[in-house]
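Here is the structure we will look at.
The values are calculated or read from the model by the stated rules, or taken from the named source; none is laboratory data. Quick caveat: nothing in here was measured; it's all calculated off a predicted structure. Cβ coordinates were reconstructed from backbone atoms using ideal geometry, including for glycine residues, and neighbour counts include every protein chain displayed.
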Amino acid sequence: MPTAASRYRYAQSMETWIFWGCAALAVVGALATVGQARPARAFAVMPLPVGAVAALCVVLNAPLVAAALVVLGLALTGVGWWVATSLGVLQERSSPAVIDSAGGARRFGVTLVALLMLELAWVFRHIRGASLREVDAPPMGLSAMTVTAVADHATTALLLVVLLVAIGAGALLLTRRDPI
Amino acid sequence: MLPEPTFNSYLLLGAVLCVIGAGGVFARRNLLTVLLSVEVMIVGVVLTLVAADRYLGRIDGQVVGLWVIALSAGQLALGLVIAWLCVRRQHSLDPDEVTDLRW
């Protein structure tokens, strides 16, 4: 019978292995998604990083976010695959390694990535090596999240609903103007 | 033995996913792949939010993460419709050839 200490060490070790395994899967999957020249293949690979991050969310005690990510991944695969194969266009004309956008867009991208790196350096300097809290925190269920969303973030929730309605209306208008 | 993951590890992974997605947005020449690159960035952002949530012992990060996922689903729907219309009208998914939405 393993002692409590050994069970704790085993759990820690499992979390470590799960983290590094899922991190490798997520990075490889993201690179494979971005590097595909055929969108249908990219849609087929996309569940890999989404699933890996969903597994990490489960490790981080956020099962609802993980479930939402899984649903998003399934929707991406299903709808995206259908659209990509239906369109029939689907090979990029030039090598994917060649950046052929306009100069302004390229400068904007380089500036964006540089700003992101600066921000990360600042964050890492302040929280270097900070350990995460233990997983035995009280479960964060749907009711607790609903209360937080309604009480603390009501304005943002309202804005989000308005934005989603606007997105839906825009998509409907576009498809009515030129029926799919 | 692998090092135990810390808050930094999760932040670094989220940042790496964001940078990979940003690279895809600026390097790809197909609207659908650009859309997928944005989704990769969003996945990195959600991971960062959830990790910060766990680090701070709060639940707000998960709430915002769910909203980000909902928005990304809407963005995906709209992006797919626009891609479909681009193909119907211009027979191309090259973002450089889409001029209808220019100011």
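Structure summary
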{"item": "Members of segment B:4-40 that are polar (S, T, N, Q) and either touching a strand residue (DSSP E or B) at 6+ places or on another chain (Cβ under 6 Å) or at pLDDT 90 or above (or both)", "result": "B:S37"}
{"item": "Positions within segment A:147-171 being facing another protein chain (nearest Cβ under 9 Å) and of a type outside the set (A, V, I, L, M), in sequence order", "result": "A:T148, A:D152, A:H153, A:T156, A:G168, A:G170"}
{"item": "Segment A:11-66 - residue that is facing chain B (nearest Cβ under 7 Å) and small (G, A, S) and, of those, farthest from B:L11 (Cα to Cα)", "result": "A:A42"}
{"item": "Test result for B:V43, more than 7 Å from chain A (Cβ to nearest Cβ) and either farther than 25 Å from A:T156 by Cα or modelled with pLDDT of 90 or more (or both)", "result": "no"}
{"item": "Selection within segment A:26-68 - in a helix (DSSP H, G or I) and over 20 Å from B:T33 (Cβ atoms)", "result": "A:A54, A:A55, A:L56, A:C57, A:V58, A:V59, A:P63, A:L64, A:V65, A:A66, A:A67, A:A68"}
{"item": "Residue in segment A:132-143 that is surrounded by 11 or more Cβ atoms within 10 Å (Cβ to Cβ), within 8 Å of chain B (Cβ to nearest Cβ) and either modelled with pLDDT of 65 or more or on the phi > 0 side of the Ramachandran plot (or both) present", "result": "yes"}
{"item": "Count of residues meeting criterion [touching a Leu at 6+ places or on another chain (Cβ under 9 Å) and more than 18 Å from A:M145 (Cα to Cα)] in segment B:49-87", "result": "15"}
{"item": "Verdict on A:P2 being at pLDDT below 80 and at negative phi", "result": "yes"}
{"item": "Residue tally, condition surrounded by 24 or more Cβ atoms within 10 Å (Cβ to Cβ) and within 7 Å of chain A (Cβ to nearest Cβ), over segment B:6-15", "result": "1"}
{"item": "Any chance B:C18 is in contact (Cβ under 8 Å) with a residue 12 or more places away in the chain, touching a helix residue (DSSP H, G or I) at 6+ places or on another chain (Cβ under 8 Å) and more than 7 Å from every other protein chain (Cβ to nearest Cβ)", "result": "no"}
{"item": "Every pair of residues 6+ apart whose Cβ atoms lie under 6 Å, when the first sits in segment B:81-93 and is within 7 Å of chain A (Cβ to nearest Cβ) and over 18 Å from A:G170 (Cα atoms) while the second is polar (S, T, N, Q) and surrounded by 16 or more Cβ atoms within 10 Å (Cβ to Cβ)", "result": "B:L93/B:N30"}
{"item": "Residue list for segment B:24-51, restricted to those being free of Cβ contacts under 8 Å to residues at least 24 places away in the same chain and either among the hydroxyl-bearing types (S, T, Y) or surrounded by fewer than 20 Cβ atoms within 10 Å (Cβ to Cβ) (or both)", "result": "B:F26, B:T33, B:S37"}
{"item": "Answer from A:V113, A:V71 - the residue that is at pLDDT 80 or above, at the interface with chain B (Cβ under 10 Å from one of its Cβ atoms) and under 23 Å from the mean Cα position of the chain (by Cα)", "result": "A:V71"}
